[in-house]
Amino acid sequence: VQLVESGGGLVQAGGSLRLDCVVSGLWITSNDINWYRQAPSKQREMVATIDRVGMPLYADSVKGRFTISKDIANNTVYLQMNDLKPDDTAVYSCNVRQILQDYWGPGTQVTVSS
């Protein structure tokens, strides 16, 4: 199983980025896929999750600004981030949690300047 994130970068406040999580070794239609973020000196927090049937859930801090979606044909999960704020600066990672195994990607850095 491999998860690979891309799409991070430096953006000004109010800008947008789209993060991609390409999944191999398991089907995104059979698993819930999560996006987490971790800022320096802060605990990792779940940002958004999309379940097997495509139902999304969001952290309160990103509701109305972030959208999680999936591309079944490419086995990829996206995180569209709009109206970015400096507090969104973090390393963003995608995750699949199974009963006996937790899978993580290496992460992608998102930096929002004020």
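The values are calculated or read from the model by the stated rules, or taken from the named source; none is laboratory data. Since the structure is predicted, the reported quantities are computational estimates derived from the model, not experimental observations. In this analysis, Cβ positions are derived from the backbone assuming ideal geometry, glycine residues included, and neighbour counts consider all displayed protein chains. Keep in mind that these areas ignore ligands, DNA and RNA; they rest on the heavy atoms of the full protein, side chains included. Shrake-Rupley method; radii C 1.70, N 1.55, O 1.52, S 1.80 Å.
Tabulated values for the structure
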item: Net charge of Cβ neighbours under 15 Å - reference residue 2; Lys, Arg +1; Asp, Glu -1; result: -3
item: Cβ-derived FRET efficiency at R0 41 Å, residue 114 paired with residue 27, nearest 0.05; result: 0.55
item: Dimensionless Rg over Rh [region 21-73; C-alpha; Kirkwood]; result: 1.00
item: ³J(HN,Hα), Karplus 6.51/-1.76/1.60, whole Hz, each residue of region 16-33, x for Gly, Pro; result: 9, 9, 10, 9, 10, 10, 8, 10, 9, x, 7, 9, 5, 7, 10, 9, 6, 10
item: By average C-beta atoms within 10 angstrom, highest first, the peptides 77-85, 64-72, 18-26; result: 77-85, 18-26, 64-72
item: Alpha-carbon centroid distance for the pair region 3-22 / region 65-80, whole angstrom; result: 12
item: Residue-wise HN-Hα coupling along region 96-112, computed from phi with Karplus coefficients 6.51, -1.76, 1.60 (Hz; x: Gly, Pro); result: 10, 10, 10, 4, 10, 8, 10, 10, 10, x, x, x, 9, 7, 10, 10, 10
item: Mean accessible surface per residue for the chain, computed with a 1.4 Å probe while every protein chain stays in place, in Å²; result: 54
item: Exposure ranking of 35, 104 by accessible area [1.4 Å probe, largest first]; result: 104, 35
item: Whole-percent carbon and sulfur share, accessible surface of region 1-56, 1.4 Å; result: 49
item: 5 angstrom amide H check on residue 89, placed H, neighbours 5+ away; result: 112
item: Solvent accessible area, Å² - residue 49, 1.4 Å probe, full protein context; result: 20
item: Anchor residue 42: aspartates and glutamates whose Cα lies under 20 Å away (excluding residues fewer than 8 positions away in-chain); result: 60, 87, 88
